[in-house]
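The values are calculated or read from the model by the stated rules, or taken from the named source; none is laboratory data. The structure presented is a predicted model; accordingly, all values stated were derived computationally and were not measured. Every residue, glycine as well, gets a Cβ built from its backbone with ideal geometry; the counts of neighbours run over all protein chains shown.
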Amino acid sequence: MTQEVIKIRGGQTLSGTVHNHGAKNSAVAIIPATLLAEDKVTVEGLPQISDVDTLVSLLGDLNIHTHLDGTTLDVDPTEIENAPLPNNKVQSLRASYYMMGAMLGRFKKCVIGLPGGCPLGPRPIDQHIKGFKALGAVVDESSETSMKIEADQLVGANIFLDMVSVGATINIMLAAVRAKGQTVIENAAKEPEVVDVAAFLSSLGANIKDAGTSTIKITGVEHLHGSRHQVIPDRIEAGTYMCIAAACAEEMTIDHIIPKHVEPLTVKLKELGVDVDMHEDSVTIRRQLPYDSVNIKTLVYPGFATDLQQPITPLLFLSEGISLVTDTIYPARFKHVEELQNMGADISADQGTATIKPSTLHGASVYASDLRAGACLIVAALLAEGVTTIYNVKHIYRGYTQIVETLKRLGADIWTEEV
Ligand code: EPU
């Protein structure tokens, strides 16, 4: 069987402008959320990634008519039918779990395969289930491949999350918008994507207050109508290109960003010594070597995003001292470390912390174990001497719109091959 690989000959100096796309982690919740509407919905500014294609296809399995034209999705849910959702598609991405909350809100019942996604260590969904149960659902987890969730009636409840979870916060919102009475989610996630999904649901007529704080209040409504919504810019895609720019760019501008959303990264880049020029909705970055060492600890928003600890790591090889990266959200999210070692990097990981020393990288054959590990390997390959071959690139295409073409346009020596 053949597979596509990405090849990069490192050492080129990049320059130019990158257009940042809509946020993947908003899009993957908003697409399932469209099935709550009783009339036509248009979602604009979607990223062109395989996770979007898979979710649109899942809507089709419910007899929802869709038309995806580039970054715009038209959804007509007027002939929606409840159907069990197939395992293979559901398992190809994590965010398929949002079909649970949305279908529960719409039909009070769903049968769905268990979610897949990036292998970042244990990724339980116990808080999602706890929320559904609190709203009155019965959850049958007896099958090893699928789950049945059913409620006679959804009734608003007070739900205190044991840990801050983006997925659980959004999934509970999706079900609660159609519950009877008020739901209060305490210890809710404050990520911008949670706020964007709440804004979308509100545009359908939902009653949601205080999204973006740790206490979200939702008063259920009987009907949700159609709407048009623009997805917010992707802070992680923008952040990845900011790291690429700091590694390799004479000067690179990333546009269509919300500066506040990338601030935790901007602060770290400045601490490293990167030349960062922030504008109203874009940022210009110039490489300015050598860098200082920094320590990074990932935290929930507005802390440093776990999704950016892998892409920023190659920059730390350009530092003069030792840097530490600790992931408190996913302490096992360090599968990129072994691949970087294969490229000659002096890096080790133990108990949720990577220790990174100044290193010169060389090309190698490496494996993208997950989406952001793939992004990390791209940054590393752009810095390395010689050719790097990245395998398992399907993960990269799940989250980055036309990344190969974009980097080529910026001056990278990058191409794909079937092997
Ligand atoms: N957790 C539980 N139980 C739950 C839910 C979460 O123990 O029921 C734990 C997780 O294992 C983790 C922590 O709580 O240790 C936070 O997980 P969260 O639920 O916030 O993660 P998620 O919603 O599954 C989203 C993004 C991830 C991102 C995390 C953290 C989507 C589809 N995924 O995942 O994005 O890393 O939030 O910000 O929105 C990525 O884009 O590469 C990616 C993995």
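Could you please find all residues in the range 263-284 being of a type in the set (A, V, I, L, M), in contact with a Leu (Cβ under 9 Å, 6 or more places away or on another chain) and in a helix (DSSP H, G or I)? Listed by number, the residues that qualify are 265, 269, 272.
Among the criteria (1) in contact with a Lys or Arg (Cβ under 9 Å, 6 or more places away or on another chain); (2) basic (Lys, Arg); (3) touching a residue at least 24 places away in the same chain (Cβ under 8 Å), the one residue 286 does not fulfil is (1). Kindly indicate whether residue 210 is more than 16 Å from the ligand (Cβ to nearest atom), farther than 21 Å from residue 233 by Cβ, within 23 Å of the chain's Cα centre (by Cα) and not polar (S, T, N, Q). Yes; evaluated as a whole, the condition is true for this residue. Checked against (1) in contact with a Leu (Cβ under 7 Å, 6 or more places away or on another chain); (2) within 16 Å of the ligand (Cβ to nearest atom); (3) closer than 24 Å to residue 220 by Cβ, residue 89 passes all but a single condition, namely (3).
The listed residues are 78, 71, and the only one of them that is surrounded by fewer than 16 Cβ atoms within 10 Å (Cβ to Cβ), more than 15 Å from the chain's Cα centre (by Cα), over 17 Å from residue 171 (Cβ atoms) and among the β-branched types (Val, Ile, Thr) turns out to be 78. Just one of the numbered conditions (1) under 18 Å from residue 170 (Cα atoms); (2) free of Cβ contacts under 8 Å to residues at least 60 places away in the same chain is not true of residue 222: (1).
Okay, residues lined up against (1) closer than 19 Å to residue 27 by Cα; (2) out of contact with any helix residue (DSSP H, G or I) (no Cβ under 7 Å at 6 or more places or on another chain); (3) modelled with pLDDT of 95 or more:
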{"position": "189", "(1), (2), (3)": "yes, no, yes"}
{"position": "192", "(1), (2), (3)": "yes, no, yes"}
{"position": "242", "(1), (2), (3)": "no, no, yes"}
{"position": "245", "(1), (2), (3)": "no, yes, yes"}
{"position": "264", "(1), (2), (3)": "no, yes, yes"}
{"position": "300", "(1), (2), (3)": "no, yes, yes"}
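Give the range 384-400 a look and list any residue that's under 24 Å from residue 290 (Cα atoms), of a type in the set (A, V, I, L, M) and buried (at least 23 other Cβ atoms within 10 Å of the Cβ), or say none. Of everything in the range 384-400, just one residue is under 24 Å from residue 290 (Cα atoms), of a type in the set (A, V, I, L, M) and buried (at least 23 other Cβ atoms within 10 Å of the Cβ), namely 384.
From the list 179, 137, 151, 188, the one residue that fits, being in contact with a Lys or Arg (Cβ under 6 Å, 6 or more places away or on another chain), under 21 Å from residue 224 (Cβ atoms), surrounded by 19 or more Cβ atoms within 10 Å (Cβ to Cβ) and not charged (D, E, K, R), is 151.
With respect to the conditions (1) in a helix (DSSP H, G or I); (2) closer than 16 Å to residue 4 by Cβ; (3) modelled with pLDDT of 95 or more, residue 307 lacks only one, and its number is (2). When residue 84 is tested against (1) touching a Pro at 6+ places or on another chain (Cβ under 7 Å); (2) surrounded by fewer than 18 Cβ atoms within 10 Å (Cβ to Cβ); (3) in contact (Cβ under 8 Å) with a residue 60 or more places away in the chain, just one condition goes unmet, and that condition is (1).
Filtering the range 167-187 to residues that are over 12 Å from residue 101 (Cβ atoms), assigned to a loop (DSSP other than H, G, I, E, B) and either within 8 Å of the ligand (Cβ to nearest atom) or more than 26 Å from the chain's Cα centre (by Cα) (or both) leaves only 181. Counting the residues of the range 95-123 that are more than 19 Å from residue 398 (Cβ to Cβ), surrounded by 21 or more Cβ atoms within 10 Å (Cβ to Cβ) and not aliphatic (A, V, I, L, M) gives 4.
Residue 325 meets each of the listed conditions (1) of a type in the set (Val, Ile, Thr); (2) surrounded by 23 or more Cβ atoms within 10 Å (Cβ to Cβ); (3) within 13 Å of the ligand (Cβ to nearest atom) apart from (3). Would you check which residues across the range 11-34 are more than 13 Å from residue 237 (Cα to Cα), out of contact with any Cys (no Cβ under 6 Å at 6 or more places or on another chain) and surrounded by fewer than 23 Cβ atoms within 10 Å (Cβ to Cβ) and list them? Of everything in the range 11-34, those that are more than 13 Å from residue 237 (Cα to Cα), out of contact with any Cys (no Cβ under 6 Å at 6 or more places or on another chain) and surrounded by fewer than 23 Cβ atoms within 10 Å (Cβ to Cβ) turn out to be 11, 12, 13, 15, 16, 17.
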